[in-house]
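Enquirer: There's a structure below that I have some questions on.
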Amino acid sequence: MAEQLNEYQGKATMEKITSLAKRRGFVFQSSEIYGGQNGAWDYGPLGIELKNRIAGAWWKEMTQLNDDIVGLDAAILMHPRTWEASGHVENFTDPLVDCKKCKARFRADMIPEENLAAKKCPECGGELTDTRKFNLMFKTHIGPAEDTASIIYLRPETAQGIYVNYKNIIQSNRMKIPFGIAQIGKAFRNEIVTKNFIFRTCEFEQMEMQFFVKPGSDDEWFNEWKKRRWAYYDRLGVKMDHLRWHQHGPDELAHYAKDAYDIQYLFPMGWRELEGVHNRTNYDLTRHTQFSGKDMQYIDQDNNNERYIPYIIETSAGLTRNVLMILCDAYDEEQVADKGNDDDWRTVLRFHPSLAPVTVAVLPLMKKDGLAELAQDIRHELKEDFAVDYDQAGAIGRRYRRQDEAGTPFCVTIDYQSKEDGTVTLRFRDSMEQIRVPKSELTARLRQEIKEYKRIK
Ligand code: ATP
């Protein structure tokens, strides 16, 4: 295991990431023309590609590479009894304090204890209110009548959609324990404090996998999933000295959980949760049995029809939080010349090629003399297999820099020699090395480079 860092040493800051994200079309403030909407963000052309690829990598890992995990896409609106059974109506609260003077709002567990004890605002020194519980679920009404009978919630986690479908999936897909159900989707939380860009938002996406196991085998499966989730980030090319485990102490552990570990990432603002691996016991299915009156027991037909309520090992990752992690992890600034010019430095996003929004950029050295036409032909050929960008505007060095900043791992440049001998220049983002490759071999070469990619910085 890589030695973890004590403090952040990377080149990213939240300001730089936020401004690059806007400049290059990764992430925009929601409803910006109206002054923005707190806690919500829009994913632009590069951002949606990155988010989709991160989701795709997780989906492949869970459903394609595991024979015993299937997918699900449950509705955001669920029967309100779901949230009584899950405990969210009663317990999904954060402790809230307000400053009477400057009106700032804080989560009581996120301000220094001495401020809380002295009821003193950490920002202006004014007096704080008593702590009160604030439910994080967004509540709305379904149908035309706005009465208590029509209350419905936006789901605060995707997991419950999995639990209420667990019997359907056993029956329809003949699943046998141990097995898992994976789901990616939106979740909503009325967070008291949303800051740090897309780290904590009111509307976000989760990637959750619930693994159903026989009671007694839960500790073993818990350790197994911890191992698998750690290995996953390593394969994605994430800097492993920026990841660590954090075990929930008795005061953090949810009342239903037997054990819980977070994978934390070292963001520019410090170590923060990226994903949780939880042993949720048989709590959720037991509660749904009680609240729905439906039998949630598993019948083990291979074992004399033994009946039990399975234990659940959950791996719960934020998709949008993963986007922020991957942006921070990839961000680098590098001195590439020493001429005293602005462009001595480049900003580069070192995405794993399988995650990069654009895999290959096709660049004719000149627009004239048939080079643009040749480049267009190559672009059309590569499009079948890769996400391709085409850029013919400006000096070639500038164009490389633009691609570096978008995290494009490969550039293909078409020059006069290409017309003569059918070779093109393949430029690598990380090393800036350039080699000549026959254009007929480009697709195979790119495939091989993606497969064998190793992060060098
Ligand atoms: P916290 O204590 O920080 O509020 P949590 O422990 O309640 O978070 P979980 O309920 O375990 O978080 O959610 C699982 C994952 O979903 C988190 O690891 C995180 O990646 C993501 N997540 C949770 N809340 C948010 C949010 N408001 N915005 C973005 N991602 C979130």
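The values are calculated or read from the model by the stated rules, or taken from the named source; none is laboratory data. The structure displayed is predicted, hence computed values, not measured ones. Every residue, glycine among them, receives a Cβ derived from its backbone with ideal geometry; neighbour counts consider all protein chains shown. With ligands, DNA and RNA removed, areas are computed over all heavy atoms of the protein, side chains included. Shrake-Rupley method; radii C 1.70, N 1.55, O 1.52, S 1.80 Å.
Enquirer: In whole Å, what are the extents of the range 290-361 along the principal axes defined by its C-alpha atoms, from largest to smallest?
Expert: So the three principal-axis extents are 77, 28, 18 Å.
Enquirer: Please report, in debye to the nearest 20, how large the charge dipole of the range 290-357 is about its Cα centre when each Lys and Arg carries +1 at its beta carbon and each Asp and Glu carries -1 there. Let's see the in-between values first.
Expert: Values: 6 positive and 13 negative charges, 72 e Å.
Dipole magnitude for the range 290-357 comes out near 340 debye.
Enquirer: If you roll a 1.4 Å probe over the range 105-156 with all protein chains in place, what percent of the accessible area is carbon or sulfur?
Expert: Ligands and nucleic acids excluded, carbon and sulfur give 51 percent.
Enquirer: Now for a separate question. Positive end of the dipole of the chain, charges at C-beta (+1 Lys, Arg; -1 Asp, Glu), about the Cα centre: which of Ala57, Val97, Gln9 has its Cα farthest in that direction?
Expert: Val97
Enquirer: Now, a different point. Which percent of the accessible heavy-atom area of the range 275-335 goes to carbon and sulfur, probe 1.4 angstrom?
Expert: Within the range 275-335, the accessible surface is 38 percent carbon and sulfur.
Enquirer: Taking the range 222-267 as the region of interest, what is the percent of Cα-Cα pairs per 10 angstrom bin, listed from the shortest bin to the one with the maximum distance?
Expert: That works out to 24, 49, 25, 3, in percent per bin.
Enquirer: How much accessible area per residue does the range 215-340 have, in Å², with a 1.4 Å probe?
Expert: Value returned for the range 215-340: 43 Å² of accessible area per residue.
Enquirer: Under a 5 Å amide H to amide H cut-off, with H placed in plane at 1.01 Å, what residues pair with Lys120 once short-range neighbours are removed?
Expert: Leu128
Enquirer: Note down the magnitude of the dipole of the range 43-152 about its Cα centre, charges +1 on Lys and Arg C-beta and -1 on Asp and Glu C-beta and zero elsewhere, to the nearest 20 debye.
Expert: 480
Enquirer: Divide by every residue of the chain the summed helix terms, -39500 (n - 2.57) for each DSSP H run of at least 4, and state the resulting mean residue ellipticity at 222 nm, rounded to the nearest 500 deg cm²/dmol.
Expert: Counting only the DSSP helices, I get -8500 deg cm²/dmol.
Enquirer: Here's another thing I want to ask about it. Which order do peptides 254-267, 218-231 fall in by mean Cβ count within 10 Å, highest first?
Expert: In decreasing order of mean packing, 254-267, 218-231 become 254-267, 218-231.
Enquirer: At a 10 angstrom cut-off on C-beta neighbours, averaged per residue, how do the peptides 340-347, 275-282, 113-120 rank from highest to lowest?
Expert: Packing order, densest peptide first, comes out as 275-282, 113-120, 340-347.
Enquirer: If amide H atoms are built 1.01 Å from N in the plane of the peptide, which residues on other chains or at least 5 residues away come under 5 Å of the amide H of Met137?
Expert: Asn190
Enquirer: Here is a follow-up. Given N residues in the chain, what is its alpha carbon radius of gyration divided by 2.2 N^0.38 Å?
Expert: Numbers: Rg = 25.4 Å, N = 457, 2.2 N^0.38 = 22.6 Å.
Taking the Cα Rg and dividing by 2.2 N^0.38 Å, one obtains 1.13.
Enquirer: Follow-up question, since we're still on this one. Quick one: putting +1 on the C-beta of Lys and Arg, -1 on the C-beta of Asp and Glu, what dipole do you get for the range 313-417 around its Cα centre, in Debye to the nearest 20?
Expert: Approximately 200 debye in magnitude.
Enquirer: From the phi of every residue in the range 246-259, what ³J(HN,Hα) in whole Hz does the Karplus formula 6.51 cos²θ - 1.76 cosθ + 1.60 yield, where θ is phi - 60° and glycine or proline is x?
Expert: Once θ is set to phi - 60°, the couplings for the range 246-259 become 10, 8, 5, x, x, 7, 9, 5, 4, 4, 8, 8, 8, 7 Hz.
Enquirer: Take each of the peptides 312-318, 450-456, 383-389, average the number of other beta-carbon atoms within 10 Å over its residues, and list them starting from the highest.
Expert: For the peptides 312-318, 450-456, 383-389, the packing ranking is 312-318, 383-389, 450-456.
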